[in-house]
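Read-outs: derived from the displayed coordinates by stated rules, not from any lab. Note that the structure is a prediction, hence the values are computed from the model and not measured. Cβ placement follows ideal geometry from the backbone for every residue including glycine, while neighbour counts extend to all protein chains displayed.
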Amino acid sequence: MKENADLSSVRQYRDPVAATAPVEYFELYRELLVPFAANDTGRRHYRDIADHLEEIQGLVPEARFEGFVDFLKDKHSNRPAFLDELEKAGF
């Protein structure tokens, strides 16, 4: 699945994959979400990122998830609307 993965196909298989391999699912999702986040701008795109984060929250320990969110915030700290949308979503 990894070689042809995109966020929509990964999301489609969340239930069966995340139930048996949550850490691997999180890592695959993370690998795809980083370039997705960098690929576009605009509040709609940023809300999509927040939706994706909600999708993977709870699959790994909170500290690991928060570390990833912090990484995204640091990487895109020059995008105030991005930070605002994450804050609105509770991140």
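Annotation: of all residues in region 29-47 being buried (at least 18 other Cβ atoms within 10 Å of the Cβ) and aliphatic (A, V, I, L, M), the one that is nearest to Phe65 (Cα to Cα) is Leu33.
In this entry, Ala50 is excluded by the filter for residues that are surrounded by 13 or more Cβ atoms within 10 Å (Cβ to Cβ), more than 12 Å from the chain's Cα centre (by Cα) and not polar (S, T, N, Q).
When region 5-63 is filtered for residues that are in a loop (DSSP other than H, G, I, E, B) and over 23 Å from Glu87 (Cβ atoms), the ones remaining, listed by number, are Ala5, Asp6, Tyr13, Ala21. Look at region 67-91: where a residue is farther than 13 Å from Tyr46 by Cβ, no partner that is among the hydroxyl-bearing types (Ser, Thr, Tyr) sits 6+ places away or on another chain with Cβ atoms under 9 Å. Taken together, the criteria exclude Phe71 from residues that are out of contact with any His (no Cβ under 7 Å at 6 or more places or on another chain) and part of a loop (DSSP other than H, G, I, E, B).
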